[in-house]
Amino acid sequence: MKTVTTTPSGKPRLTTSAMIASIASEGQRTRPAPFGHALVDLARARPEVLGMTADLGKYTDLHIFGKEFPDRYYQMGMAEQLLFGAASGLAAEGFMPFATTYAVFASRRAYDFIHQTIAEENRNVKIVGALPGLTSGYGPSHQAAEDLALFRAMPNMMVIDPCDAHEIGQAVPAIAAHDGPVYMRLLRGQVPLVLDEYDYRFELGKAKLIRDGNDVLVLSSGLLTMRALDAAKALADDGVDVGVLHVPTIKPLDSETILREAGRSGRLVVVAENHTLIGGLGEAVAGVLMRAGVHPTFRQIGLPDEFLDAGALPTLHDRYGISATAVASQIKGWL
C-alpha cells in the first residue's frame, strides 16, 4: 500500500490507491487470483465450463481463464443483464457458465434477469461477484453492502461467502458439483491465506469450528472470519477465550452446527459479517436460534443501515467496525 506524508497524529496518510488495495494486512501471506486459477483447473476436466464477464475480466480474475481457454471465454461488454440472460441460455444447452462481474452489478443492476431467467428456471449458472460488502472504497455505487440479503431471498439460489484464497480454491469445484444456480462472493487479486493454517476443508452447506473458546463464540463468513481470528488472538492476551465458527454457506445454513455451538451455555454469541446488519448472516442466524428456542446473549457486528462513505479501506473498516481491532474492541465492550 503506497503512502504519502502523514496525518497530524503521525499516521501515514493513505493515497487513493488504498481505496482498492488488497485486504491483506502488512506481511500477511497471499495467493494471486485464486478464483481464476481454480477455474482453469476445473475447466481442464470439465469441457462444459465457460467463463463469462461484463467488461471486468481483469478485475474478477477471469482473464486468467480467458488466456487459457479463449474459445470458452465470453466478453459481453458493459451489459450485465445481457450477461446473465446469455448465461441462462447457455446453461439450458448443457454448459456451465461462471458469470462474473462486481457484486453490486449482479445484485442490483441485473437482479430481475437473474431472478427470472436463472433462478426461476433453476439453471446451472454460477454467479461470481467481486468487491462484496465493504471491499471497495469508491462509495455506494461500488459497495455491495446488501447483496447477501437480496440473493438469500431468491428461491433456488445457493449463497456462498468464502474467507480466503485457500477456501476460494476449494469452493470453485464444490459449487460446480452442485446442480443449480449459485451466488458466490469473490475476493480477488492478492487474496490473503488464513485457513490453511487450521487444516480447513470447505464443504458445501457446512459450518466449521475453526477455534474453540469458552467466553465468546463468533459466527462469521468471508472477510470477517479472518478478522474474527485476528481479534481472537488479540483478546487471548487479555484473558478472553474466543471461539470462531466459520459459516461460508449463507444459504442453506448449517442449522445443526449453529444450534449445537450457539446452544452451549455461558457464552456470548456474536455474528460478524461484511454486510449490512439487515438481512444477512446475523439475521439468518438469529432466526434459526429463535425458532429452535435457543436464546444466548446475542450481538451483531456488521455494516450500518446507511450509504457508506468513500475513502481508504483501512480507514473505512475502522470507521464501520469491521477491522480486527474494531471487532476485538466491540467484543471486549460487550463483555
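The values are calculated or read from the model by the stated rules, or taken from the named source; none is laboratory data. Owing to the predicted nature of the structure, the values given are computational and were not obtained by experimental measurement. Cβ placement follows ideal geometry from the backbone for every residue including glycine, while neighbour counts extend to all protein chains displayed. With ligands, DNA and RNA removed, areas are computed over all heavy atoms of the protein, side chains included. Shrake-Rupley method; radii C 1.70, N 1.55, O 1.52, S 1.80 Å.
Somewhere in region 124-137, is a residue farther than 27 Å from VAL194 by Cα, more than 11 Å from the chain's Cα centre (by Cα), buried (at least 19 other Cβ atoms within 10 Å of the Cβ) and without any contact (Cβ under 8 Å) to a residue 60 or more places away in the chain? Yes, region 124-137 contains at least one residue that is farther than 27 Å from VAL194 by Cα, more than 11 Å from the chain's Cα centre (by Cα), buried (at least 19 other Cβ atoms within 10 Å of the Cβ) and without any contact (Cβ under 8 Å) to a residue 60 or more places away in the chain.
Residues that are within 21 Å of GLN143 (Cβ to Cβ) and outside any helix (DSSP H, G or I) within region 90-116 comprise ALA99, THR100, THR101, TYR102, ALA110, listed in sequence order.
Within the set ALA18, ALA87, ALA43, the sole residue that is open to solvent by less than 10 Å² (accessible area, probe 1.4 Å), part of a helix (DSSP H, G or I) and modelled with pLDDT under 95 turns out to be ALA18. Here GLY205 meets the list (1) touching a residue at least 60 places away in the same chain (Cβ under 8 Å); (2) open to solvent by less than 50 Å² (accessible area, probe 1.4 Å); (3) assigned to a loop (DSSP other than H, G, I, E, B); (4) not hydroxyl-bearing (Ser, Thr, Tyr) almost entirely, failing just condition (1). Among the residues of region 148-168, the ones that are within 18 Å of THR225 (Cα to Cα) and in contact with a strand residue (DSSP E or B) (Cβ under 8 Å, 6 or more places away or on another chain) come to 10 in all.
The set of residues from region 183-199 being open to solvent by 20 Å² or more (accessible area, probe 1.4 Å) and of a type in the set (Ser, Thr, Tyr) comprises just one member, TYR198. In region 46-84, the qualifying residues are those that are assigned to a helix (DSSP H, G or I) and among the aliphatic types (A, V, I, L, M), and the one that is surrounded by the most Cβ atoms within 10 Å (Cβ to Cβ) is LEU83. Can you find a residue that is touching a residue at least 12 places away in the same chain (Cβ under 8 Å), part of a helix (DSSP H, G or I) and either surrounded by fewer than 17 Cβ atoms within 10 Å (Cβ to Cβ) or among the β-branched types (Val, Ile, Thr) (or both) anywhere in region 22-35? Within region 22-35 (the criterion being touching a residue at least 12 places away in the same chain (Cβ under 8 Å), part of a helix (DSSP H, G or I) and either surrounded by fewer than 17 Cβ atoms within 10 Å (Cβ to Cβ) or among the β-branched types (Val, Ile, Thr) (or both)), the answer is no, since none of the residues qualifies.
Those strands (runs of 3 or more DSSP E) of region 217-335 in which 2 or more residues are open to solvent by 40 Å² or more (accessible area, probe 1.4 Å) and within 28 Å of ALA103 (Cβ to Cβ) occupy 298-303. Whether a residue is aliphatic (A, V, I, L, M), assigned to a helix (DSSP H, G or I) and in contact with a Phe, Trp or Tyr (Cβ under 8 Å, 6 or more places away or on another chain) was assessed, and LEU134 does not pass this test.
State which residue is most open to solvent (accessible area, probe 1.4 Å) when the search covers only region 138-181 and only residues that are assigned to a helix (DSSP H, G or I) and among the small types (Gly, Ala, Ser). This residue is ALA177.
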